[in-house]
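The values are calculated or read from the model by the stated rules, or taken from the named source; none is laboratory data. Note that the structure is a prediction, hence the values are computed from the model and not measured. Cβ atoms come from the backbone with ideal geometry, glycine included; neighbour counts cover every protein chain shown. Ligands, DNA and RNA are stripped out before the accessible areas are found, and what is left, the full protein with its side chains, is counted by its heavy atoms. Shrake-Rupley method; radii C 1.70, N 1.55, O 1.52, S 1.80 Å.
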Amino acid sequence: DFANDKHRIVAAEKCAQIGFTEILLRWILQFLVTHQGSQAIFTQPTATDVGKFAKSRVDIVFDECPVIKRLGTGGIDSAQLKKIGTSFLNLSGTFGTRAAISVPSDANVYDEVNFSNPKVLNQYKSRLQHSEYKLERCISTPTVPGYGVSDLVGRSDKKRIMTKCSKCGHQQTLSWPFNV
């Protein structure tokens, strides 16, 4: 349900290791495949995080996906930039003087918002201004109430994702900070 949400901006509080980063990676790749000629930005807090993410997650999807293989990468395949057909995926950190690259974007994913530089995230948001799509997906483990992802969720329609307990099968929503 989270990946299929049709709202322009979607935010989610999450705990660690539940697969939201993987879901959003596949969401943004599907967007780029479907909307050939588009650009997207996927942020992680730091450039080091981006390098690890590119090698351990993104490259594996690129290597195993028949659709990406069919569309081709045109030889553009670095830790910071990937090509799918005529679409581009920019992978970037949020710290450093050149973190917010001057690239137009149609869809942005901000992973671990609470551990990212808020000023740089705003610069990435500005990259969407000329897009017809202007899609944003924000996820993070919450840290301080009313800050980062908690602020975004607090200003939202507050939909909740039901989570099934792997031991007893009970469906529940996560309650912060009790389920951290």
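Do we have E112 as at pLDDT 85 or above and open to solvent by 60 Å² or more (accessible area, probe 1.4 Å) here?
So E112 fails the test.
Do any residues in region 128-150 that are aliphatic (A, V, I, L, M) have Cβ atoms under 7 Å from those of residues that are part of a loop (DSSP other than H, G, I, E, B) and open to solvent by less than 70 Å² (accessible area, probe 1.4 Å), where the two are at least six apart or on different chains, and which pairs are they?
If the second residue must be part of a loop (DSSP other than H, G, I, E, B) and open to solvent by less than 70 Å² (accessible area, probe 1.4 Å), the pairs left are L128/S105; L128/K134; L135/D106; I139/K14; V149/P142.
Can you tell me which of I18, I76, I68 is open to solvent by 50 Å² or more (accessible area, probe 1.4 Å) and over 29 Å from L152 (Cβ atoms)?
I76
Would you call G93 under 27 Å from F115 (Cβ atoms) and open to solvent by less than 30 Å² (accessible area, probe 1.4 Å)?
yes
Would you pick out the residues in region 143-156 that are farther than 16 Å from L121 by Cα and open to solvent by less than 30 Å² (accessible area, probe 1.4 Å)?
Answer for region 143-156, where residues must be farther than 16 Å from L121 by Cα and open to solvent by less than 30 Å² (accessible area, probe 1.4 Å): just V153.
Taking the conditions exactly as written (in contact with a strand residue (DSSP E or B) (Cβ under 9 Å, 6 or more places away or on another chain) and in a loop (DSSP other than H, G, I, E, B)), does G146 satisfy them or not?
Against the criterion (in contact with a strand residue (DSSP E or B) (Cβ under 9 Å, 6 or more places away or on another chain) and in a loop (DSSP other than H, G, I, E, B)), G146 does not qualify.
If you take the residues of region 129-180 that are of a type in the set (A, V, I, L, M, F, W, C) and under 18 Å from N4 (Cα atoms), which of them is modelled with the highest pLDDT?
L135
If we scan region 79-87, do we find a residue that is among the β-branched types (V, I, T), open to solvent by 30 Å² or more (accessible area, probe 1.4 Å) and either at pLDDT 95 or above or within 18 Å of W27 (Cα to Cα) (or both)?
There is at least one residue in region 79-87 that is among the β-branched types (V, I, T), open to solvent by 30 Å² or more (accessible area, probe 1.4 Å) and either at pLDDT 95 or above or within 18 Å of W27 (Cα to Cα) (or both).
Taking the options R137, R127, R57, name whichever one is closer than 28 Å to V153 by Cα and open to solvent by less than 10 Å² (accessible area, probe 1.4 Å).
R137
Residue by residue through region 36-53, note down the ones that are farther than 22 Å from K125 by Cβ and within 13 Å of the chain's Cα centre (by Cα).
Correct list: empty.
Quick check, is R98 among the charged types (D, E, K, R) and closer than 30 Å to G75 by Cβ?
Taking the combined requirement at face value, the residue satisfies it.
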